[in-house]
Amino acid sequence: MKRRTFITLLAGALPGLAAPAHADDALIVVANTPLRGLDAEALRRIYTGRMIELENQVLRPVNLPSGHPARKRFLALVMQQDDEDYLAYWTVRRYVGKGAPPRELATPADVVNYVRSTPGAIGYLEPADLKSGLTVVLRLPGR
């Protein structure tokens, strides 16, 4: 009985051992700027327009379109909001003259290209969309 339990536990653990360390990450945050010490709180401030510059670099955050699964996870993990609440936040902020929401790009490939080519750009991707030449500044764990 003990041998069977050990084999069952070992078989259940093997898939996790074979996966890369970042396979359980919900999202990868990438940037085209030498960001230091970026955490979820700083990211929240960037995506709410409360932090627009860091280390003398203007930040240019981008979002995936409303309804995209990665955007839904980003909003839940970082902003603790759903898409409706996030859009409402930016509607009020724009109305009172406090800025505009981050630019929306249609696909993860567009985010990759924008971040690669735009100084100060910052975006989020699913781990599968990560390409070489991107600087990972934060890994957001899954729930």
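Going residue by residue through region 86-102, is there one that turns out to be of a type outside the set (S, T, N, Q) and within 14 Å of the chain's Cα centre (by Cα)? Within region 86-102, one or more residues are of a type outside the set (S, T, N, Q) and within 14 Å of the chain's Cα centre (by Cα). Annotation note: of LEU43, LEU59, LEU105, LEU75, the sole residue that is under 12 Å from the mean Cα position of the chain (by Cα) and in contact (Cβ under 8 Å) with a residue 24 or more places away in the chain is LEU43. Of all the numbered requirements in (1) within 14 Å of the chain's Cα centre (by Cα); (2) part of a loop (DSSP other than H, G, I, E, B); (3) surrounded by 14 or more Cβ atoms within 10 Å (Cβ to Cβ); (4) at pLDDT 95 or above, GLY49 misses one, and that requirement is (1).
State whether the residues of region 86-103 include one that is assigned to a loop (DSSP other than H, G, I, E, B), in contact with a strand residue (DSSP E or B) (Cβ under 9 Å, 6 or more places away or on another chain) and either surrounded by 14 or more Cβ atoms within 10 Å (Cβ to Cβ) or of a type in the set (D, E, K, R) (or both). Within region 86-103 (the criterion being assigned to a loop (DSSP other than H, G, I, E, B), in contact with a strand residue (DSSP E or B) (Cβ under 9 Å, 6 or more places away or on another chain) and either surrounded by 14 or more Cβ atoms within 10 Å (Cβ to Cβ) or of a type in the set (D, E, K, R) (or both)), the answer is yes, since at least one residue qualifies.
Residues in region 74-108 that are farther than 16 Å from LEU27 by Cβ and among the small types (Gly, Ala, Ser): ALA88, GLY97, GLY99, ALA100, ALA106. Answer with yes or no whether VAL92 is among the β-branched types (Val, Ile, Thr) and in contact (Cβ under 8 Å) with a residue 24 or more places away in the chain. No. Of the numbered criteria (1) modelled with pLDDT of 95 or more; (2) within 20 Å of ALA26 (Cβ to Cβ), the one ARG139 fails is (1). Here is the figure for region 58-79: residues that are more than 17 Å from ARG139 (Cβ to Cβ) and surrounded by fewer than 17 Cβ atoms within 10 Å (Cβ to Cβ) total 6. Taking the criterion of being β-branched (Val, Ile, Thr) and part of a strand (DSSP E or B), the residues of region 52-73 that qualify are VAL58, VAL62.
If only residues of region 119-133 that are within 16 Å of LEU59 (Cβ to Cβ) and surrounded by 14 or more Cβ atoms within 10 Å (Cβ to Cβ) are counted, the one that is farthest from the chain's Cα centre (by Cα) is GLY120.
The values are calculated or read from the model by the stated rules, or taken from the named source; none is laboratory data. Just so we're clear, the structure is a prediction, and the values are computed from it rather than from any experiment. Note that we place each Cβ from the backbone using ideal geometry, even for glycine, and neighbour counts take in every protein chain shown.
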